[in-house]
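Each remark here refers to the structure printed beneath this line.
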Amino acid sequence: MIHFVVLISRQGKVRLTKWYSPYSQKERAKVIRELSGMILTRGPKLCNFVEWRGYKVVYKRYASLYFCMCIDQDDNELEILEIIHHYVEILDRYFGSVCELDLIFNFHKAYYILDEILIAGELQESSKKTVARLVAAQDSLVEAAKEQASSISNMIAQATK
Amino acid sequence: MMDSFFQRSLEDIIKGLRLCPPGTEPTFIAKSLDDIRREIKSSDRSTKATALQKLTYLHSIHGVDMSWAAFHSVELASSSTHSHKRIAFLSASLSFNPSSTDVILLLTHQLRKDLSSSNAHDVSLALSTLSSICNPDLCRDLTPELFTLLGSSKFFVRKKAIAVVLRVFEEYPDAVRVCFKRIVENLETSDMGILSAVVELLCELTVKEPRSYLPLAPEFYKILVDSRNNWVLIKVLKIFAKLIPLEPRLGKRVVEPICEHLRRMGAKSLAFECVRMIVTSLSEHESALRLAVGTVREFLLDDDPNLKYLGLQALAIVAQKHMWAVLENKELVVKALSDVDPNIKLEALRLVMSTVSADNVMDICTILISHALKSDPEFCNEILGCIFLTCSRNFYEVIFDFEWYVSFLGEMARIPYCQKGTEIETQLVDIGMRVKDARLELVSVARDLVIDPALLGNPFVHGVLAAAAWISGEYVNLSRNPFELMEALLQPRTSLLTPSVRSVYIQSAFKVLMFCIYSYVKLDGDDTSYPSGLTESVSERDLGRSFATVGSESLSDSELDNENVVITGGQPPSFSSRKQHLTEESIMGLINLAETNLGPLSGSDEVEIQDRASNVLGFIKLVKPKLHGCLDQSRGDIMKDELKAPEMIKLIYDLFSEELGPVSLNAQERVPLPDGLALKENLGDLEAICGDVEFSLPMSFSLVKPQMAAQDSAHVLECPSKEVCEPSSESTSLLAEHRKRHGLYYLPPEDKEVVDKDYQPTREPKGKAIDATEDLVKLTEPFFVKKKSNRVKPRPVVVKLDDVEEANVLVEKHEFKPDLLSGAVQEVLLGNEATASSSRKSSNKSNNDITNTAESSQASFVGSGRRKHHTHGKGRTNRTSGKEKEERSHKDEHKRDSRDHKHKSRQRAEGTLNVDVQSSVIPDFLL
């Protein structure tokens, strides 16, 4: 299974962290420090796997962003690379040629999308279309709620409460 | 209301953080946190939601603690608005710690409500959250809802529910009884997403405890053959990889489909999984293995570094059983050693090291070293480390030619950027103690190291030098020229050494000096046919000590001849050459050399050095005048009381000449614990005090030393015929040995008899285990006999201590931890086997006799009454193929029937029956 997902920028800034195994806040900071030290220093055209504390970390760089996932020794590294790519493609589809800024300003959406792809450290949806549909449906729910909240009658009701 | 107008949005925070100048980030975050703390208490839900969202952002990206806001997440989760709920659940899943966040229980009701909500998105949100925060209580309370969701008509909900079940099972194994049947039913779904979720779940479960899932093998097989989804196939392969070792006949069935997948060469991930599957679990299938190795070769030839890396890993697995696979790809592996990617290099190195055996160890080491010299220092040290580790594995199991290895170690120490001094040090000393036959070579290697003044300047080799010095001192009787050793040990440049190493030098010098004087005195006695029984016993001793060299004599013959050393049977090879040097002048010169060099050190501010230096000086003071007397005797004028000198010298020499053996790792455990010493008491409070501070090793040695030393010597003196007791410390460290031995001289020899005679020799058992040459000979296992035969010379004896060490490890490994989860699964899967088998009997009576034989054979099979064995026993009975076919058709019918049933109604009882039937089907499937 996947123990955690970390997105780190080339400068070592964290863009997203998702932990599927329990790590304390202190450990999390340490993990990220260790991993960025190991991964960001690796040159291009090297293999995408590093061994780390008996686990394997699969990473892939997309533009300025490193997508890292930590897996068990006997998990399939190539499969994880495919999952990373899958995630990136879905992000790309959702944001329309995604860039780091999209993820910075919409960090919660990146989480929601990730939640549709992975659950409990396992891949749950391999179809890009389905994920896009689900996320869009959720978004429209949110939009509907917003509209309702910002409708004049609602505002009056709130103000006179 | 006003709050929400002036509240900064998440975007404001993100922008602010990006704009704030470097270094001011923490202040900005602290300020934002203050705002958040205020806003989050707002009664307005959207203000609260925004605050929580900002906090979540700061938490997940900047690592800000948000445990204080846990309750607010719970509060907001009850909002009816989906967007608020979403924010609340996201914050909960990111920040709650299942074991320590106590407000999780307050979320139970809300989760239950959402899990049974009609809005599928709410359900899916609740499921995602549950998967990351579930603890046993939550799981217990929500299992019924989860069970309902496992049958949900909305596929994406059902899929999520299945994935969440994994976590629930881990936390609350009882949920298996409720949910497992539904999960198994989902294996037959047509929806890829659900199938994938189920297979993933079962894969994770199988990895933990494969045996329980054997009965599902037919289902997995079907997926393996039918499915075209790579992700599902990979997981199924993983499951089979775990099942096949338990049920080898499964291998025959799956090998063909797997090869089929491999030949199709679709996704690389699937291909790699097939390869890994074949090399780990199906390596006895020759054709499949060939195919897999062929694919590995393609990987290695590929430009993609990932494939190269994985190819090497796969090869490393094959190498354990099928060396030919590595040999076929030898050139590729060696090429990978110089890859640009350090990870690939390392993997190649590991692979190479895994192929090391007694036959090729020399070649491989030579190749690797030539490679190491060419590569960067970091990788060079990696190579050296690997070599040392492999060669010393299992008591130098792969080393036959210790002379080669010892000189190899010596050479390694001279590699300029070698940082593996500690390993070399340990191994040199270790070999010295364990392998008698290697000592001669060891001494000459040590001599070369000690004598080279250039090495003293390199701090990395100081450890090696310490080992070399110790060896020179300890085995000085094998040395060709003790005089040059003495000079080397006392050379002025030794001031460059660290104090601990230097004290080893001084102590070794002491031993060498002792030896020279002793040989001189003894020689004297020989020349004048000295009357006392002393010389006789001494030469016997000497014979005994030089016994070790006799074995290697024939080999080193020519070498020794070159140095004009005449070997007389049984005498140390260096004996006669030494004879020439042993004149009064040379001995006095030696003593003076020691005096002049050590004199200043008796004022050293390093206690260890000072101590040892004064010991030597004291000894010299004692012996020097007596030596003159002794010389007078040799001229024929024998005076009774002046016999003292040689006697004393002999006494001290004897103390040195006791052989040191390796110390068992478990030695310390066998020392009975003195009363009142609480070793196991918790030092928790100490940890609290010291926090993160790392402890340096306590210097307890010097504290116990005098007392222990006294006991040691007393024991030695009392029973000189017995072998020595081993030093009690489990530390084999050179220095520790030294201190202890050194400690002998804190008490003058005369006092030793005074020491309590009936003290408890706490180290008795070890002594027994280690010494006695006969036992050592027995220890050379028959394992080597075959190899020995085609070798020119026998492998030298390597002293191994009690195998308790290994046994202990094994016991730990095999310790079976009963798994609650697997127990529950087995119960569900094989639950009512009795009813199932009876129904089977009635359904095909013709097979009754077979079943009977099966059952009787099962009785003789495993004694354990567990049901899984039951299945096994049946599976292993041989049946004629005709009957088999017949039976299988019966089974299939039966299975189909039960499936029809299932579609009609999904009652639990039916489900049970269905599962049971499947479980009884498996033997037929396997045959």
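The values are calculated or read from the model by the stated rules, or taken from the named source; none is laboratory data. Keep in mind the model is a prediction, meaning the values are calculated, not measured. When we count neighbours, we look across all protein chains shown, and the Cβ atoms used for this are built from the backbone with ideal geometry, even at glycine.
With the requirement that a residue be closer than 16 Å to B:Ile14 by Cα, part of a helix (DSSP H, G or I) and in contact (Cβ under 8 Å) with a residue 12 or more places away in the chain, what does region B:41-64 give you?
B:Thr50, B:Ala51, B:Leu52, B:Gln53, B:Lys54, B:Leu55, B:Thr56, B:Tyr57, B:Leu58, B:His59, B:Ser60, B:His62, listed by residue number.
Condition check ((1) surrounded by fewer than 19 Cβ atoms within 10 Å (Cβ to Cβ); (2) away from chain A (no Cβ under 14 Å); (3) within 25 Å of A:Lys60 (Cβ to Cβ); (4) not β-branched (Val, Ile, Thr)) across all residues:
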{"site": "B:Leu282", "(1), (2), (3), (4)": "no, yes, no, yes"}
{"site": "B:Thr295", "(1), (2), (3), (4)": "no, no, yes, no"}
{"site": "B:Lys308", "(1), (2), (3), (4)": "no, no, yes, yes"}
{"site": "B:Leu315", "(1), (2), (3), (4)": "no, yes, yes, yes"}
{"site": "B:Lys330", "(1), (2), (3), (4)": "yes, yes, no, yes"}
{"site": "B:Val340", "(1), (2), (3), (4)": "yes, no, yes, no"}
{"site": "B:Asp363", "(1), (2), (3), (4)": "yes, yes, no, yes"}
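Can you tell me which residue in region A:113-129 is farthest from B:Trp231 (Cα to Cα), limited to those that are touching a residue at least 12 places away in the same chain (Cβ under 8 Å) and facing chain B (nearest Cβ under 7 Å)?
Filtering first and then ranking leaves A:Ala120.
With A:Asp75, A:Asp92 as the choices, which residue is more than 9 Å from chain B (Cβ to nearest Cβ) and either in a loop (DSSP other than H, G, I, E, B) or of a type outside the set (A, V, I, L, M) (or both)?
Values: A:Asp75 fails: more than 9 Å from chain B (Cβ to nearest Cβ).
Criteria check complete, one pass: A:Asp92.
I'm trying to understand the selection: among the residues of region A:8-29, which are of a type in the set (S, T, N, Q) and more than 7 Å from chain B (Cβ to nearest Cβ)? Steps first, please.
Applying the first criterion (of a type in the set (S, T, N, Q)) to region A:8-29 yields A:9, A:11, A:17, A:21, A:24-25.
Those that are of a type in the set (S, T, N, Q) and more than 7 Å from chain B (Cβ to nearest Cβ): A:Ser9, A:Gln11, A:Ser21, A:Ser24.
Could you say which residue among B:Ile234, B:Ile239 is within 14 Å of another protein chain (Cβ to nearest Cβ), in contact (Cβ under 8 Å) with a residue 40 or more places away in the chain and closer than 19 Å to B:Ser283 by Cα? Give the steps one after another, and end with the answer.
On the way: B:Ile234 fails: in contact (Cβ under 8 Å) with a residue 40 or more places away in the chain.
One residue alone meets the criteria, B:Ile239.
Looking at region B:168-183 only, could you name the residues that are at the interface with chain A (Cβ under 10 Å from one of its Cβ atoms) and either crowded, with 24+ Cβ neighbours inside 10 Å or in contact with a Pro (Cβ under 7 Å, 6 or more places away or on another chain) (or both)?
B:Val168, the sole residue that qualifies.
B:Arg86 - would you say it is in a helix (DSSP H, G or I), basic (Lys, Arg) and surrounded by 15 or more Cβ atoms within 10 Å (Cβ to Cβ)?
Details: in a helix (DSSP H, G or I): yes; basic (Lys, Arg): yes; surrounded by 15 or more Cβ atoms within 10 Å (Cβ to Cβ): yes.
So B:Arg86 fits the description; yes.
Is it true that some residue in region B:102-120 is over 38 Å from the mean Cα position of the chain (by Cα), within 14 Å of chain A (Cβ to nearest Cβ) and closer than 26 Å to B:Ile234 by Cβ?
Among the residues of region B:102-120, not one is over 38 Å from the mean Cα position of the chain (by Cα), within 14 Å of chain A (Cβ to nearest Cβ) and closer than 26 Å to B:Ile234 by Cβ, which makes the answer no.
Of the conditions (1) under 20 Å from A:Ile80 (Cβ atoms); (2) in contact with a Gly (Cβ under 9 Å, 6 or more places away or on another chain); (3) surrounded by fewer than 18 Cβ atoms within 10 Å (Cβ to Cβ), B:Val207 clears all except one; give me its number.
Unmet condition: (2).
Quickly run through region A:36-50 and pick out the residues that are in contact with a strand residue (DSSP E or B) (Cβ under 6 Å, 6 or more places away or on another chain) and either within 7 Å of another protein chain (Cβ to nearest Cβ) or within 22 Å of A:Asn76 (Cβ to Cβ) (or both).
A:Met38, A:Ile39, A:Asn48, A:Phe49, A:Val50
Please indicate, with yes or no, whether at least one residue in region B:142-151 is assigned to a helix (DSSP H, G or I) and within 38 Å of the chain's Cα centre (by Cα).
No, every residue in region B:142-151 fails to be assigned to a helix (DSSP H, G or I) and within 38 Å of the chain's Cα centre (by Cα).
Taking interchain pairs and intrachain pairs at least six residues apart, which have beta carbon atoms under 7 angstrom, with the first residue in region B:486-515 and in the same structural domain as B:Gly589 (by the TED database) and the second outside any helix (DSSP H, G or I)?
Listed by first residue and then by second, the contacts come to B:Pro499/B:Glu606; B:Tyr505/B:Leu497.
State which residue is nearest to the chain's Cα centre (by Cα) when the search covers only region A:99-134 and only residues that are of a type in the set (A, V, I, L, M), assigned to a helix (DSSP H, G or I) and over 22 Å from B:Leu58 (Cα atoms).
Looking at residues that are of a type in the set (A, V, I, L, M), assigned to a helix (DSSP H, G or I) and over 22 Å from B:Leu58 (Cα atoms), I get A:Ile117.
Out of curiosity, is B:Ser83 hydroxyl-bearing (Ser, Thr, Tyr) and under 12 Å from B:Ser46 (Cα atoms)?
Yes; evaluated as a whole, the condition is true for this residue.
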